[in-house]
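Asks: Right, I'll just put the structure down here and ask away after.
The values are calculated or read from the model by the stated rules, or taken from the named source; none is laboratory data. Treat the numbers as computed from the prediction; the structure is a model and nothing was measured. Please note: Cβ atoms are built from the backbone with ideal geometry, for glycine as well, and neighbour counts cover all protein chains shown. With ligands, DNA and RNA removed, areas are computed over all heavy atoms of the protein, side chains included. Shrake-Rupley method; radii C 1.70, N 1.55, O 1.52, S 1.80 Å.
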Amino acid sequence: MPAHILIIQEPGSSRHGLPRLIEAERRYRAWTIELEQAENSLFMDLPDLVVVNIKRLNTDTRSSCQKICQQVESLMVPLILLTDGCDEMGLPQEPNACLVPPLPFGQLATVIKMLLEDNETHILAVGGMRLHLDTHQLYCSSGSYYLPPKEFHLLETFLRHPARVLSRRFLMREVWETDFVGDTSTLYVHIHWLRKKIEPDLSEPRYLRTVRGVGYRFSPVLPEP
């Protein structure tokens, strides 16, 4: 699955140039929003990496960048800032990289690749969900949640086996370390708790689906560009 890169830029900037360059790598999927829209979009879009592309940090753009930096830090995804003012940022959370445009795309591509590879060992991202393996934090379209240990291990198991039917016996062995399936009420309860967090409609699950007589299947739903 290609990495999703969100580009945030000032009004009036080209909405196609930078995304086309990034998507030319074929490993990435990029889309653009304007600076004032970003604060309300980050948690909905759940990107793998954020690029903030502004000409210079002034009073207005600095304030917006501060809020974006804080949100990106809470999402624990890499942030690249493209600006002329790299030597005068003064932001509370510094970006992972600050680059001065214009720059060869090969340089930007190298930084993107490096930051994504460094980040991917700590995050399991599947079908619009992002599970942080070190903090047990889940980010999805409905919000962010800290998962207790069993919920975390159960969701991690599903995310590592997307679109596969997992039997109740397999899940009991993986999460609860037992082969006993005489009473799987604990599994049912934890499935219900996970669904309350990730499903838009509990009456019609779209992610965690029951396979009658066998177990459950996690069906990835790709986010809209």
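Asks: Cα-based count: Lys pairs in the chain below 30 Å, eight or more positions apart or different chains?
Replies: Lysine pairs satisfying the spacing and distance rule in the chain number 7.
Asks: Still on this structure, I have one more. Could you work out how much longer the chain between Thr59 and Met76 gets when fully extended? Use 0.36 nm per residue separation minus the Cα distance between them, nm to one decimal.
Replies: Working it through step by step, the gained length comes to 3.6 nm.
Asks: Next question. So what is the 222 nm mean residue ellipticity for the chain from helices alone, if each DSSP H run of at least 4 adds -39500 (n - 2.57) and you divide by all residues, rounding to the nearest 500 deg cm²/dmol?
Replies: Counting only the DSSP helices, I get -11000 deg cm²/dmol.
Asks: From the Cα gyration tensor of region 113-225, with a ≥ b ≥ c the square roots of its eigenvalues, which class applies: rounded if a/c is under 1.5, or else prolate if a/b is larger than b/c, or else oblate?
Replies: Here region 113-225 falls in the prolate category.
Asks: Compute the relative contact order of the chain as a whole-number percentage, counting only Cα pairs closer than 8 Å that sit 6 or more residues apart in sequence.
Replies: 14 percent
Asks: Which net charge results when you count Lys and Arg as +1 and Asp and Glu as -1 among the other residues whose beta-carbon is under 13 Å from that of Ser144?
Replies: Once all neighbours under 13 Å are counted, the net charge is +1.
Asks: Summarise the accessible area of the chain (1.4 Å probe, protein heavy atoms) by the percent that is carbon and sulfur.
Replies: 49 percent
Asks: What are the radius of gyration and Dmax of the chain, computed over its Cα atoms and given in Å?
Replies: Values for the chain (Cα only, Rg and Dmax): 19.9, 65 Å.
Asks: According to a simple spin-label model (label point 7 Å from Cα along Cα-to-Cβ), what is the distance in nm between Leu202 and Arg164?
Replies: It works out to 3.0 nm between the two label points.
Asks: Using 7 Å Cα-to-Cβ label points, what is the Tyr188/Ile33 separation (nm, one decimal)?
Replies: For Tyr188 paired with Ile33, the spin-label model returns 4.0 nm.
Asks: Still on this model: Run the quick spin-label model on Asp84 and Glu10: label points 7 Å from Cα toward the beta carbon, then report their separation in nm to one decimal.
Replies: Distance between label points: 0.8 nm.
Asks: Express the accessible area of region 144-225 per residue in Å², computed with a 1.4 Å probe while the remaining protein chains stay in the model.
Replies: The answer is 58 Å² per residue.
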